[in-house]
Structure formats: structure tokens, C-alpha cells
Amino acid sequence: MTTTVFSDIDWTREGRQVGSLFLPHSPDDDAWGVIPFRAASIRNGEGPVVVLTGGVHGDEYEGPIVIAELLRTLQPSDVRGQLILLPGFNAPAQRAGRRTSPIDHLNLNRVFPGDDFGAPTEQIARYVSDQFFSRADFFIDLHAGGRTLFIQPSAHVVMADEMDPAVVRANAKMAEVFGVGITVQTSNMGDYRTAAGYASKKGIPTLAAEMGQGGWVTGASVQATREATLRLLRHTGVLPGVATVPGVPTRWTRIAGPQAYVFAPCDGYFERRFELGDPVRAGQLAGLMHQLARPELAPEPVLFQSDGTLYAHGLLGHVRAGQNLAVVTEDVPTPSY
Ligand SMILES: [Zn+2]
């Protein structure tokens, strides 16, 4: 197999290994260097292979913190099968505290399945596709809202008509077990370039989660992420003896197409008139756009386009045309699994 990325971890070996993926990189100040991505494999006999990733966006912190804890503490005797831990899925973005890679400005969660001979971010996606998704029985990808988004803690699962019904059921079950208050079922609008979308399309039961927001991290958000992740790891069978606390029943929702999003109609200051969790109606005022270059003009009302619940919103007051201001979810029936 041709792959530009290499590792000092042997993914087929028993036991506990902590090491790195190495992405060759030849910038102006380093002719023959690499970018290390810390990773671990904890493997103990037969059982499920579970891949757990965080930091695919470099401004989302709960996932990397919880995965690093597991990397430090788990021993092979805790594991049945194999747990692959990648707390810094996008190490360059993580180091910079940015959503996208400062090297090539790509969003790792929009380039799957990647390209061995593409940009650095595409090469990482390719390695993960080839080495991890080829052996995974479950995939868990921990996100947060990042520096620009307020969002309700939630699970995201891909449940699209064209998918294997068994995978759809397995994804739904993972969301129930994850046990946070909201689950968003998504079809990715047919776009499978996210890690979770691509893994689901390959038939791997997959859950992505949004567990923090705003580019900060709190004891509460880390604890919620830790508890939900342990519930899910126990469910997969890879940590059969781990102690867990019960989750909460999840409310099933979806983002019902483009009308669920509110975008800025022009550059300016957005005066927000809603809070996370508010019930909203189509036609309701979402806020006012103040045109910073045209103070003589009255502010422009921005309206919601659909009924539902306020799920996420941008947190900046100074926005440009097209910037996301709000996302509305609608409730859907609890799926069977
Ligand atoms: Zn993210």
C-alpha cells in the first residue's frame, strides 16, 4: 500500500503502544521534517476495533482532553479487542488552535477519503481511511462548536436512505447509549467528505458529537464528554468492565435542509434576538443586521425560515454576508434500532 504518512505504531500488534503518525512536511525552514500526530493502540486479543478521535478541528478541546486521559490510563487488561486513540486528529490545526490547518488551510473534516499525493491535510485523511477505517468496527469522533459556534451538546449520526439499514440501526443505538439530551440525525445532504460521513458510508457504525462550544472548555463539558464516551466505549464491547454513569434520554431531531440555516444577508453587525434552545417559528424575527458602512439605513430584519428549536448559532456580532447566524432543528420520531 502506498501511503505518505507513516507510524511507529504497529496497528496489528498486541499490547499498549503510544507513538505517533508522521506526516512528511518540507516547508521553508525544514527540508526533510515531519509533523507528528500522537496516537495510541491498546490491543488485547479478539474483539471489536474501535477508533476514537478528537481535535479534527483544532479549536475543539473536550475530545482531545478525554482521549488523552484514556491514552494515559488504559491498560491492555481493560480492553477487549483494540482501541485506537487519536487525540490530535489534526495536529497542525490543534497546535494553532484553529479550525483549519495553518499549513494548507484545508478543513480535515471536508476532505475524506483523502489523497496520498494531495495536500498535507488530504494525506492525513487518506492514512486514517486506509489504516483505521479498513479495520474499524466502530468509529467515534468527538467535536465541539469551536471558536465561532454556540451549540447544544449533542450527538450526530448519519441516517440516510441509501445506507445499509443495519448500520442506520447501529448508529441510532450508539446515539441512545451516548445519552446526551439531543441527537441530530443527518443525511449530510449527500456529502460524505466528513470523517463520520465517510465511515458511515463504508458501513462502520459511527457517532460524532458536539460537546463544547465557543472555543473554551469547562469542567462540566469535559465531565459530560468523559461520561458519554465511556458509556459508548462500554457499549461497543472494547471496554467491557469500565464503570459508567447513566445518560439521559435523547431527543431526536434533524436539520431539515437549507431553510434550517439563517445566513447574514450582508456585511454588518448582527443584533441577535434569540437564545440557544428557544422555540422558533418561520417568519419570526431572528435579529437585525446593522449595516456598518451605511449608518443612514435602518437595520434589516433577518427572519427564521423554518419552525423548530434553536440548536446552534454563530457567536460573533461582526459578520460578513453569508455567515451562519443560526441553525434550527425540528423534532423527529425516535428511530427503531
Ligand atoms: Zn468540529
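Can you tell me which of ALA228, ALA220, ALA209 is in a helix (DSSP H, G or I), hydrophobic (A, V, I, L, M, F, W, C) and buried (at least 21 other Cβ atoms within 10 Å of the Cβ)?
Within the list ALA228, ALA220, ALA209, the selection yields ALA228.
If we keep just the residues of the range 105-119 that are buried (at least 23 other Cβ atoms within 10 Å of the Cβ) and of a type in the set (A, V, I, L, M), which is farthest from the ligand (Cβ to nearest atom)?
Once the filter is applied, the top-ranked residue is VAL111.
Residues in the range 234-264 that are more than 29 Å from MET174 (Cβ to Cβ) and either buried (at least 17 other Cβ atoms within 10 Å of the Cβ) or in contact with a Ser or Thr (Cβ under 8 Å, 6 or more places away or on another chain) (or both): how many?
Residues that pass the stated criteria total 2.
Which ones in the range 294-334 are assigned to a loop (DSSP other than H, G, I, E, B), within 21 Å of the chain's Cα centre (by Cα) and modelled with pLDDT of 95 or more?
GLN323
Looking at the range 67-80, which of its residues are more than 14 Å from the chain's Cα centre (by Cα) and either modelled with pLDDT under 95 or of a type outside the set (Lys, Arg) (or both)?
Within the range 67-80, ALA68, GLU69, LEU70, LEU71, THR73, LEU74, GLN75, PRO76, SER77, ASP78, VAL79 qualify.
Right, ASP141: within 14 Å of the ligand (Cβ to nearest atom), assigned by TED's automatic domain parsing to the domain that holds THR218 and among the acidic types (Asp, Glu) or not?
So ASP141 passes the test.
Filter the range 144-179 for residues that are in contact with an Asp or Glu (Cβ under 9 Å, 6 or more places away or on another chain), basic (Lys, Arg) and away from the ligand (no atom under 16 Å from the Cβ) and give the result.
The answer is none; no residue qualifies.
Inspect all residues belonging to the range 120-127 and state whether any of them is crowded, with 20+ Cβ neighbours inside 10 Å, hydroxyl-bearing (Ser, Thr, Tyr), modelled with pLDDT of 95 or more and in the same structural domain as GLY214 (by TED's automatic domain parsing).
The answer is yes; a qualifying residue exists.
Looking at the range 32-104, what strands (runs of 3 or more DSSP E) fall wholly within it and have at least 2 residues that are more than 14 Å from the ligand (Cβ to nearest atom) and surrounded by fewer than 20 Cβ atoms within 10 Å (Cβ to Cβ)?
33-44
Which residues, taken from the range 143-182, are under 22 Å from PRO64 (Cα atoms) and assigned to a strand (DSSP E or B)?
HIS143, LEU149, PHE150, ILE151, SER154, ALA155, HIS156, VAL157, ILE182
Would you confirm whether or not the range 24-37 contains a residue that is touching an Asp or Glu at 6+ places or on another chain (Cβ under 9 Å) and aromatic (Phe, Trp, Tyr)?
no
Return the residues of the range 62-85 that are among the hydroxyl-bearing types (Ser, Thr, Tyr) and within 20 Å of SER20 (Cβ to Cβ); say none if nothing qualifies.
Matches in the range 62-85: THR73 only.
The values are calculated or read from the model by the stated rules, or taken from the named source; none is laboratory data. These figures come from a predicted structure and were not determined experimentally. Note that each Cβ is placed from the backbone with ideal geometry, even for glycine, and that neighbours are counted across all protein chains shown.
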